[in-house]
Amino acid sequence: MALRNGQSYRQALKDERQIWVDGERVADVTIDPRFASVVDSIAELYDLQKQGTSWHAGSGAIWSLKSNALRPAGWTSADAAGLLHTAIADPDPVLFLEHKKCYRLIKGDVPDVPRSTPIGLADVKREGTDLTVVSYGYELHRCLDAAARLEQDEGIHAEVVDVRSLAPLDTETILASVRKTARAMVVYEDNRTYGAGAEIAATIAEQAMFDLDAPIVRIGGPDIPAMPFAGALEHYYMEPEPDHIFVAMRELAHF
């Protein structure tokens, strides 16, 4: 899409919904209302990113959660391939969220024959009995690393649940895991306040409060507009304290 004379993405998208002949507007293109809210949300996000480097690496999940669209998010190679296949075939609008740091960092096998992965179905990536860790995105892999280290160093078995889809959210799988371990932690990269993980934590509190033996732990990014551009500040955003996920998991297990 080309922007004209400082034109915003929202205005450009609006113009592309119109048909012009010889400089005269002759008709409007009708867009399915399910797509309209999605398009407007994405356009608003891109307009914000034009303001400068402060928006170079924001988390886009929260921007789309109120639009009328499904939001799958595949964070392993097989899940990404399967969910993308399903998203393309789905007749409804789908926002497919990808974490750019996973592109070259995370590797795995993908089936030779395309295979669909159901949207709205979480996956237990690591079985455990001592605590439940719910996550998505790049943070999922950090949780898996911390869980493996926790088992090796202290014999604590953490169950790691990958939500895979933010909307619809598979609360059944999440709650079943929490009820099994009686401890819950939610880890996400978005701002801690009002992030997608806050909704997951609230769901656990509402529906599994009396199954818990410890308070719900929530780990998210600092409450700042977006991830900083400077390398040192970006590292602080991702890891404000050394091994903070591992330490929080250990403390929750010993509560």
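The values are calculated or read from the model by the stated rules, or taken from the named source; none is laboratory data. Source: prediction; values computed, not measured. Here the Cβ is made from the backbone with ideal geometry for all residues, glycine too, and neighbour counts use every protein chain on show.
In the set Val113, Val94, which member is more than 18 Å from the chain's Cα centre (by Cα) and modelled with pLDDT of 70 or more? Show your work before the answer.
Details: Val94 fails: more than 18 Å from the chain's Cα centre (by Cα).
The unique qualifying residue is Val113.
Collect the residues in the stretch 150-197 that are of a type in the set (A, V, I, L, M, F, W, C) and on the phi > 0 side of the Ramachandran plot, keeping them in residue-number order. Talk me through it step by step, then tell me what you get.
Of all residues in the stretch 150-197, those of a type in the set (A, V, I, L, M, F, W, C) come to 150, 156, 158, 160-161, 163, 166-167, 169, 174-176, 178, 182, 184-187, 196.
Ala182, the sole residue that qualifies.
Does Glu151 satisfy the condition of being more than 18 Å from the chain's Cα centre (by Cα) and under 26 Å from His254 (Cβ atoms)?
Numbers: more than 18 Å from the chain's Cα centre (by Cα): yes; under 26 Å from His254 (Cβ atoms): yes.
Taking the combined requirement at face value, the residue satisfies it.
State whether the residues of the stretch 193-205 include one that is closer than 26 Å to Asp153 by Cβ and either at pLDDT 95 or above or outside any loop (DSSP other than H, G, I, E, B) (or both).
Of the residues in the stretch 193-205, the ones closer than 26 Å to Asp153 by Cβ are 197.
Filter again for either at pLDDT 95 or above or outside any loop (DSSP other than H, G, I, E, B) (or both), leaving 197.
Scanning the stretch 193-205, I find at least one residue that is closer than 26 Å to Asp153 by Cβ and either at pLDDT 95 or above or outside any loop (DSSP other than H, G, I, E, B) (or both), so the answer is yes.
Is it the case that some residue within the stretch 131-148 is farther than 23 Å from Gly221 by Cβ, touching a residue at least 60 places away in the same chain (Cβ under 8 Å) and touching a helix residue (DSSP H, G or I) at 6+ places or on another chain (Cβ under 8 Å)?
Checked against the condition, which is being farther than 23 Å from Gly221 by Cβ, touching a residue at least 60 places away in the same chain (Cβ under 8 Å) and touching a helix residue (DSSP H, G or I) at 6+ places or on another chain (Cβ under 8 Å), the stretch 131-148 yields no hits at all.
Table: residues versus (1) more than 15 Å from Val134 (Cα to Cα); (2) among the small types (Gly, Ala, Ser).
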{"residue": "Ile156", "(1), (2)": "yes, no"}
{"residue": "Ala201", "(1), (2)": "no, yes"}
{"residue": "Arg218", "(1), (2)": "no, no"}
{"residue": "Glu234", "(1), (2)": "yes, no"}
{"residue": "Met238", "(1), (2)": "yes, no"}
{"residue": "Ala248", "(1), (2)": "no, yes"}
{"residue": "Glu251", "(1), (2)": "yes, no"}
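Residues of the stretch 112-132 being farther than 21 Å from Leu83 by Cβ and hydrophobic (A, V, I, L, M, F, W, C), which ones? Walk me through how you get there before you give the answer.
Taking the stretch 112-132 as the starting set, the residues that turn out to be farther than 21 Å from Leu83 by Cβ are 127-132.
If the condition is that a residue be farther than 21 Å from Leu83 by Cβ and hydrophobic (A, V, I, L, M, F, W, C), then Leu131 is the only one that fits.
For residues that are among the acidic types (Asp, Glu) and over 11 Å from Asp79 (Cα atoms), tally how many sit in the stretch 115-132.
Our first condition is that a residue be among the acidic types (Asp, Glu); within the stretch 115-132, this holds for 123, 127, 130.
Cutting the leftovers down to over 11 Å from Asp79 (Cα atoms) gives us 127, 130.
Matching residues across the stretch 115-132 total 2.
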